[in-house]
Amino acid sequence: MENYNWFKLKVKYLAQNDKGEVKKYTAEYILKAVSFTDAEATLLIKLQNEFEYNLISCAKFNIQEVVFDELYDNFFKVKTVISSVDEKGKGIKVIDNLIVQSNTVDQVNKKLKSKGIDLETVQNVSKTKIIDCFQ
């Protein structure tokens with residue numbers, strides 16, 4: 001089985017706004033892929049019928065899980081920190097990063113709680129510029 005990683009890709013494109021003016025926009029996407037080349041090719045396939053774009057960046061994205069909810073448009077990055085002790089008695093911290101699709105921080109907290117994540121371990125919740133996620 002191949003080893004997949006999460007990647008974040010940033011693109012620039014031209015589109016018409018509500019006033020009919022052509023403007024430059026930037027969008028971020030995340031997706032699972034086996035390599036940078038695979039990530040770029042997957043995004044090309046996903047966006048081929050949407051619009052023409054220029055790829056600005058493609059980087060590995062350090063997240064462990066994405067919590068989807070297609071009812072919402074926004075994506076939040078959540079950092080959790082759990083303090084523990086290793087087998088030698090040394091204190092360690094386990095850091096996990098998640099992406100949660102939601103519209104508000106309160107909704108994010110409810111989703112985390114329903115997944116059994118102790119809210120006391122949540123160190124940071126921040127809204128991202130991600131507009132879509134492909135698995």
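The values are calculated or read from the model by the stated rules, or taken from the named source; none is laboratory data. The shown structure was predicted, so the numbers you read here are calculated from the model rather than taken from an experiment. With ideal geometry, Cβ positions are generated from the backbone for all residues, glycine too; neighbour counts draw on all protein chains shown. With ligands, DNA and RNA removed, areas are computed over all heavy atoms of the protein, side chains included. Shrake-Rupley method; radii C 1.70, N 1.55, O 1.52, S 1.80 Å.
A count restricted to the range 74-112 and to residues that are within 28 Å of Y29 (Cβ to Cβ) and among the charged types (D, E, K, R) stands at 6. Taking every residue in the range 49-62 that is at pLDDT 90 or above and surrounded by 12 or more Cβ atoms within 10 Å (Cβ to Cβ) and pairing it with any residue that is assigned to a loop (DSSP other than H, G, I, E, B) and of a type in the set (K, R), at least 6 positions away or on another chain, yields no pair with a Cβ-Cβ distance below 6 Å. Taking the criterion of being touching a residue at least 12 places away in the same chain (Cβ under 8 Å) and either aliphatic (A, V, I, L, M) or assigned to a loop (DSSP other than H, G, I, E, B) (or both), the residues of the range 119-135 that qualify are V122, V125, T128, K129, I130, I131, Q135. Restricting the range 82-117 to residues that are assigned to a helix (DSSP H, G or I) and in contact (Cβ under 8 Å) with a residue 12 or more places away in the chain, which is most open to solvent (accessible area, probe 1.4 Å)? Among those residues, the one meeting the criterion is V105.
Kindly establish whether K79 is surrounded by 15 or more Cβ atoms within 10 Å (Cβ to Cβ), closer than 26 Å to V122 by Cβ, in contact with a Phe, Trp or Tyr (Cβ under 6 Å, 6 or more places away or on another chain) and of a type in the set (D, E, K, R). No; evaluated as a whole, the condition is false for this residue.
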